[in-house]
Amino acid sequence: MVTASPEAKPAEPPSIPAPPDVAAAPADASKTASGLASKVLAPGTGKDHPAKEDTVKVHYTGWTTDGKMFDSSVARGEPTSFPVNRVIPGWTEGLQLMVVGEKRRFWIPGKLAYGDKPRMGAPAGDLVFDVELLGITPPPKAPDVPADVKAAPASAKKTPSGLAYRVLTPGKGTQHPKPTDTVTVHYSGWTTDGKLFDSSVMRGDATSFRLDQVIPGWTEGVGLMTVGQKTRFWIPGKLAYGDKPTRPGAPAGTLVFDVELLSIK
């Protein structure tokens with residue numbers, strides 16, 4: 001038996017040899033209008049293709065076109081899961097071509113990967129991936145649009161700032177979070193025409209933040225809550241992102257949020 005010394009380093013994942021066609025897509029590879037090339041290595045057993053909002057489970061290995069492996073879930077011995085619309089464009093497009101059980105090789109041009117001058121640590125230029133699609137999980141059902149999303153009802157309470165709210169489920173605790181506390185919440189947000197623009201519930205992942213580092217309507221509103229409480233807030237634009245938001249993609253005007261306070265730290 002050999003005992004490792006304290007200075008011994010953990011073994012690195014084995015390098016997987018590059019495919020013989022790593023330098024360029026062969027003539028029999030299919031190509032999309034975007035420039036993505038691919039070839040089926042093993043057919044799948046499923047019929048459904050993942051949608052952008054789905055979460056997929058995959059095994060993969062990636063190489064640069066000179067044959068250097070830069071990442072591999074296969075070498076780590078652990079598949080990875082992620083939403084299809086939250087990865088590089090070449091993956092988002094390519095995964096939607098696949099079915100469960102399929103293995104496919106992708107030749108992804110730099111413009112659909114990390115670019116020719118990527119952020120620190122990311123591989124540059126064209127990349128090659130072998131991907132096996134192991135599973136598809138649809139997103140959770142979207143929460144119902146509140147019946148009173150257009151305006152706060154007469155029964156809602158209102159603060160001097162203009163924030164309106166209605167308790168949907170009372171909490172079990174007595175402590176209210178301070179602005180410097182970190183809270184964990186589940187939430188869904190709508191514009192007053194009923195459009196859902198964000199939801200931790202649909203992502204299946206609660207979010208945490210320091211209470212003084214969010215929009216003023218959240219800082220004030222969540223500060224009124226106790227753990228376990230669910231509350232609906234009508235937040236005027238001046239306490240949200242404004243009527244003409246400067247942040248790209250931010251919703252304008254009055255917003256409605258359903259918030260559940262899970263913890264305070």
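Read the figures in this text as sums done on the coordinates, not as results from a lab. No experiment lies behind these values; they were computed from the predicted model shown. Ideal geometry is used to build each Cβ from the backbone, glycine not excepted, and the neighbour counts take in all protein chains shown.
Specify the inter-centroid distance of the range 10-68 and the range 186-265, based on alpha-carbon positions, in whole Å.
39
Can you spot the aspartates and glutamates whose alpha carbon is less than 18 Å from residue 31's alpha carbon? Ignore those fewer than 8 places along the same chain.
Cross-link targets: 21, 93, 102, 126, 130.
Could you calculate the FRET efficiency of residue 210 with residue 144 from 1/(1 + (r/R0)^6), where r is the beta carbon distance between them and R0 is 30 Å, rounded to 0.05?
Values: r = 30 Å, r/R0 = 1.01.
After rounding to 0.05, the efficiency reads 0.50.
With +1 assigned to the C-beta of every Lys and Arg and -1 to the C-beta of every Asp and Glu, and no other charges, what is the dipole magnitude of the range 30-137 about the Cα centre in debye, to the nearest 20?
Working: 14 positive and 12 negative charges, 28 e Å.
Approximately 140 debye in magnitude.
Explain nothing, just the number: dipole magnitude of the chain about its Cα centre with +1 on each Lys and Arg Cβ and -1 on each Asp and Glu Cβ, in debye rounded to the nearest 20.
On the way: 31 positive and 27 negative charges, 169 e Å.
For the chain, the charge dipole is close to 820 debye.
Sorting 114, 165 on the 10 Å Cβ count, fewest up front, what's the list?
Values: 114 18, 165 22.
Ranked by crowding around the Cβ, least crowded first: 114, 165.
What's the extension gain from residue 238 to residue 78 if we count 0.36 nm per residue and subtract their Cα-Cα distance? Don't skip to the answer; put the middle values down first.
Numbers: separation 160, 0.36 × 160 = 57.60 nm, distance 4.66 nm.
Computed gain between residue 238 and residue 78 is 52.9 nm.
Please list, by residue number, everything in the range 245-262 whose backbone N is under 20 Å from a paramagnetic label point 7 Å out along Cα→Cβ of residue 195.
245-258, by backbone N distance to the label point.
Describe numerically, in nm with one decimal, the distance between label points set 7 Å from Cα along Cα→Cβ at residue 155 and at residue 52.
With each label placed 7 Å out from Cα toward Cβ, I get 3.8 nm.
Just want the answer: with Cβ charges of +1 for Lys and Arg and -1 for Asp and Glu, which residue in 118, 190, 151 is farthest toward the dipole's positive end in the range 107-195?
Sorting the options by dipole projection puts first 151.
Based on the Kirkwood radius over alpha-carbon pairs, what value in µm²/s does the Stokes-Einstein equation return for the translational diffusion coefficient of the range 30-137 at 25 °C and 0.890 mPa s?
Working: Rh = 13.9 Å.
So the translational diffusion coefficient is about 177 µm²/s.
Starting from the Cα of residue 265, draw a straight line to each of the aspartates and glutamates and keep only those under 14 Å, dropping any in the same chain fewer than 8 residues away.
In chain and number order, the partners are 181, 212.
Rounded to two decimals, what is Rg over Rh for the chain when you use alpha-carbon atoms and the Kirkwood radius? Please report the intermediate quantities before stating the final value.
Numbers: Rg = 24.1 Å, Rh = 22.0 Å.
Rounded to two decimals, Rg/Rh equals 1.10.
Can you list which of the trypsin sites (Lys or Arg not before Pro) found in the range 145-229 are DSSP loop residues with at most 16 other C-beta atoms within 10 Å? Working shown, then result.
Numbers: sites: 150, 157, 158, 166, 172, 195, 203, 210; in loops: 150, 172, 195.
Those satisfying the criteria are 150, 172, 195.
Which pairs in the list 68/141; 111/238; 195/238; 150/230; 47/141; 39/117 are over 31 Å apart, alpha-carbon to alpha-carbon?
Numbers: 68/141 41 Å; 111/238 39 Å; 195/238 19 Å; 150/230 19 Å; 47/141 22 Å; 39/117 27 Å.
Over 31 Å Cα-Cα: 68/141; 111/238.
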